[in-house]
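Before any comments, here is the structure.
The values are calculated or read from the model by the stated rules, or taken from the named source; none is laboratory data. Here the structure is a predicted model, which is why all the values come from computation and not from measurement. Cβ coordinates were reconstructed from backbone atoms using ideal geometry, including for glycine residues, and neighbour counts include every protein chain displayed.
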Amino acid sequence: MEINLSNLRAVVCGSSQGIGRATAIELASLGANVTLLARNRERLETVANELDVSSGQSHSIIVADFSNANQVQEAIGQFITAGNVAEILINNTGGPPGGPAMTAGMDEFKVAFESHLICNQHLVQALVPGMQSRGYGRIINVISTSVKQPIIGLGVSNTIRGAVANWSKTLATELGPFGITVNNVLPGMTQTTRLDSIIGSRAEKTGNTIEQVATAMQQETPAQRFAEPREIAAAIAFLASPAAGYINGINLPVDGGRTQCL
């Protein structure tokens, strides 16, 4: 099976690093025109220079901070006003800080809700009309395996990720008749700065070394290793393709078999 995304534009959020960066590189390698979206212009420009242009693609960047939903709304609005359309949207942003749900402050929940669900909603509302006009749309939300099995010590994240998953399932039903699919990719433990932060925090709390904590975490997964960002990107790319046109409303774990439920 050959996946070809030529003549399609993808907006990839959180694309200055980690899974977002890997996804942008993968989509561009398959022929897509890619618009990178994150808060750090310098990093975005660096990633833009890494993207494949062998098929004559045109890549671009949008600078916006997901901690400010109004800024994201304004930025994507300017993108649309300039006459742009995107058939593929990858919703992806960094997870909330760790800690128990019981001791989390109200502002922690509000900030996480805004940077994840509200920003996603702004992007969908802006881009879906263009997808409808093209008769092709792929909305892929990069969230977490916590929507199937809550992760200890990530109380706010577990809560907000669950909200995003149910929002996504609702949209899948609403948008399916227009040729638009909405799916979630649930990464397991992946080699990113987010994972580095979690490992560091566990090491500090337990008194173990970073190496000991990382080894113990790897042993929780049947694959006995962490994922590479490119492996998550490969799953995203498939769901973004025409080949995945009859896959809609699912949660796809890419976690090496770690999640202990169907």
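On the stretch given as the range 232-253, residues that are crowded, with 20+ Cβ neighbours inside 10 Å and not hydroxyl-bearing (Ser, Thr, Tyr) total 8. Looking across the range 192-201, the residues that are closer than 23 Å to ALA10 by Cβ and either of a type in the set (D, E, K, R) or surrounded by 16 or more Cβ atoms within 10 Å (Cβ to Cβ) (or both) come down to THR192, ARG194.
The set of residues in the range 131-162 being part of a helix (DSSP H, G or I), crowded, with 16+ Cβ neighbours inside 10 Å and not charged (D, E, K, R) consists of MET131, THR145, SER146, VAL147, GLY155, VAL156, SER157, ASN158, THR159, ILE160, GLY162. For the range 178-190, state whether one or more residues are closer than 22 Å to ALA233 by Cβ, more than 15 Å from the chain's Cα centre (by Cα), of a type in the set (A, V, I, L, M) and crowded, with 24+ Cβ neighbours inside 10 Å. The answer is yes; a qualifying residue exists. For the range 140-154, indicate whether the set of residues that are touching a Cys at 6+ places or on another chain (Cβ under 7 Å) and of a type in the set (Lys, Arg) is non-empty. Within the range 140-154 (the criterion being touching a Cys at 6+ places or on another chain (Cβ under 7 Å) and of a type in the set (Lys, Arg)), the answer is yes, since at least one residue qualifies. Annotation: GLU220 fulfils all but one of (1) in a loop (DSSP other than H, G, I, E, B); (2) in contact with a helix residue (DSSP H, G or I) (Cβ under 7 Å, 6 or more places away or on another chain); (3) of a type outside the set (A, V, I, L, M, F, W, C); the unmet one is (2).
Could you tell me whether the range 163-186 includes any residue that is free of Cβ contacts under 8 Å to residues at least 60 places away in the same chain, in a strand (DSSP E or B), in contact with a helix residue (DSSP H, G or I) (Cβ under 7 Å, 6 or more places away or on another chain) and more than 19 Å from VAL11 (Cα to Cα)? No - not one qualifying residue is present in the range 163-186.
Answer yes if at least one residue in the range 20-31 is part of a loop (DSSP other than H, G, I, E, B) and touching a helix residue (DSSP H, G or I) at 6+ places or on another chain (Cβ under 8 Å), and no otherwise.
At the first step, the residues of the range 20-31 found to be part of a loop (DSSP other than H, G, I, E, B) are 30-31.
Restricting the remaining residues to those that are touching a helix residue (DSSP H, G or I) at 6+ places or on another chain (Cβ under 8 Å) gives 30.
Yes, the range 20-31 has at least one match.
One residue alone among THR209, THR221, THR215 is β-branched (Val, Ile, Thr), outside the structural domain of SER15 (by TED's automatic domain parsing) and closer than 23 Å to GLY20 by Cβ, and that residue is THR221. Taken over the range 187-208, the criterion of being more than 16 Å from SER157 (Cα to Cα) and in a loop (DSSP other than H, G, I, E, B) is satisfied by GLN191, THR192, GLY207, ASN208.
Within the range 50-71, restricting attention to residues that are of a type in the set (Gly, Ala, Ser) and within 15 Å of THR93 (Cα to Cα), the residue that is surrounded by the fewest Cβ atoms within 10 Å (Cβ to Cβ) is SER67.
With the requirement that a residue be of a type in the set (Gly, Ala, Ser), more than 30 Å from GLY153 (Cα to Cα) and either assigned to a helix (DSSP H, G or I) or not assigned by TED's automatic domain parsing to the domain that holds GLY155 (or both), what does the range 47-97 give you? Lay out the reasoning, then the answer.
Going residue by residue through the range 47-97, those that are of a type in the set (Gly, Ala, Ser) are 48, 54-56, 58, 60, 64, 67, 69, 75, 77, 82-83, 86, 94-95.
Applying the additional criterion that residues be more than 30 Å from GLY153 (Cα to Cα) yields 48, 54-56, 58, 60, 75, 77, 82-83, 86.
Those that are of a type in the set (Gly, Ala, Ser), more than 30 Å from GLY153 (Cα to Cα) and either assigned to a helix (DSSP H, G or I) or not assigned by TED's automatic domain parsing to the domain that holds GLY155 (or both): ALA48, ALA75, GLY77.
Please tell me if VAL47 is at pLDDT 95 or above, surrounded by fewer than 21 Cβ atoms within 10 Å (Cβ to Cβ) and not polar (S, T, N, Q). No; evaluated as a whole, the condition is false for this residue. Could you list all residues from the range 229-254 that are over 15 Å from LYS169 (Cβ atoms), in contact (Cβ under 8 Å) with a residue 60 or more places away in the chain and not in a helix (DSSP H, G or I)? Correct list: SER241, GLY245, PRO253, VAL254.
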